[in-house]
1. If you take the residues in the range 1-52 that are among the charged types (D, E, K, R), in a helix (DSSP H, G or I) and modelled with pLDDT of 95 or more, which one is farthest from PHE145 (Cα to Cα)?
2. When both residues are 6+ apart or on different chains and their Cβ atoms are under 6 Å apart, which pairs have a first residue that lies in the range 89-105 and is at pLDDT 95 or above, and a second that is surrounded by fewer than 20 Cβ atoms within 10 Å (Cβ to Cβ) and of a type in the set (Gly, Ala, Ser)?
3. Residue under question is LEU141, and the condition is that it be part of a strand (DSSP E or B) and closer than 20 Å to GLY126 by Cα; does it hold?
4. Taking ALA103, is it under 28 Å from LYS184 (Cβ atoms) and of a type in the set (Gly, Ala, Ser)?
5. If a residue has to be out of contact with any Lys or Arg (no Cβ under 8 Å at 6 or more places or on another chain), open to solvent by 10 Å² or more (accessible area, probe 1.4 Å) and of a type in the set (A, V, I, L, M, F, W, C) to count, how many in the range 123-144 make the cut?
6. Is one or more of the residues making up the range 184-199 among the aliphatic types (A, V, I, L, M), within 23 Å of PRO59 (Cβ to Cβ) and part of a loop (DSSP other than H, G, I, E, B)?
7. Write out, first by first residue and then by second, each pair whose Cβ atoms fall under 6 Å of each other, whose residues are 6+ apart or on separate chains, and whose first residue, in the range 39-54, is within 16 Å of PRO109 (Cβ to Cβ) while the second is modelled with pLDDT under 95.
8. Would you confirm whether any residue within the range 146-165 is in contact with a Lys or Arg (Cβ under 6 Å, 6 or more places away or on another chain) and either surrounded by fewer than 20 Cβ atoms within 10 Å (Cβ to Cβ) or of a type in the set (Gly, Ala, Ser) (or both)?
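The values are calculated or read from the model by the stated rules, or taken from the named source; none is laboratory data. All figures in this text were calculated on a predicted structure; none of them were measured in a lab. Because the Cβ atoms are built from the backbone with ideal geometry, glycine has one as well, and the counts that use them run over all protein chains shown. Side chains included, ligands, DNA and RNA excluded: accessible areas come from the protein's heavy atoms. Shrake-Rupley method; radii C 1.70, N 1.55, O 1.52, S 1.80 Å.
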Amino acid sequence: MKRLTLLFFLLYHSVCFGQMYLSDVEFDKVGCEQVEHFVKSQINNNTETFSDVKPSLEPTASTNGFRFHEREYVIKDSLPKVWSFYVHTNPTIAWNASRFSFAMLFSKPNNEMIYPNGHVDGIDAGQVIYLNLNVLRIKKLATAFEITTVDDKKKVIEFSYVEDNITHGKQQLTFIKMRRGYTKIIHRTYFKSESTLRDHFLYPYFHTRLTNTYHRNMKHLLKALEN
């Protein structure tokens, strides 16, 4: 009995000590005051480890009560190439453009933290990504989302805002082959917050600008890779 108790104690503590705490984040490497404040607010909300960080909307959860936003983007290249590029591009580069900058990424499956200039072999379920958003010249915000789905068969990527985010919901990217050999990306967003003003007017406007910037950046990166 004593041996079993000791074994349980050692296993429990090895798991606990193996988890990365939000308080372990090296903010000097993040280089973003807004993200630092965001993470500290998560800690104040009793989110201790990154395993405690949860998506606000799981892939199979109902979207009833969420507002809906949709945009379509066309890339003049084949579906296999575009899909592979979106999935395998380093997130530190994909999420670094004029209206947002990459702050850090934590991989739950690998228990690994990646800071700016780090390398990641693309996106995968269980990655939590923190960004600094430049919504206005004088206003910056931090946001975080978790990659929840990378479906190679259906060609769907989903990521959900984390529970500690101001906005809850998810974004879904569906890749479709077009007749001329091009690729259409349908970018759907389900969202809600505690502010009616934000959900009706502010979020749709700034979200459109951010999604436009993201897909424009990916187009430029793909084109640069081909040249």
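1. ASP28
2. THR92/GLY118
3. When the stated conditions are applied, LEU141 does not pass them.
4. no
5. 6
6. Kept after step one, since they are among the aliphatic types (A, V, I, L, M), are these residues of the range 184-199: 185-186, 197.
Among the residues that remain, those that are also within 23 Å of PRO59 (Cβ to Cβ) are: 185-186.
Pick out the ones that are also part of a loop (DSSP other than H, G, I, E, B) and you get none.
Among the residues of the range 184-199, not one is among the aliphatic types (A, V, I, L, M), within 23 Å of PRO59 (Cβ to Cβ) and part of a loop (DSSP other than H, G, I, E, B), which makes the answer no.
7. That search, which allows pairs on different chains as well, returns THR49/GLN19; SER51/GLN19.
8. yes
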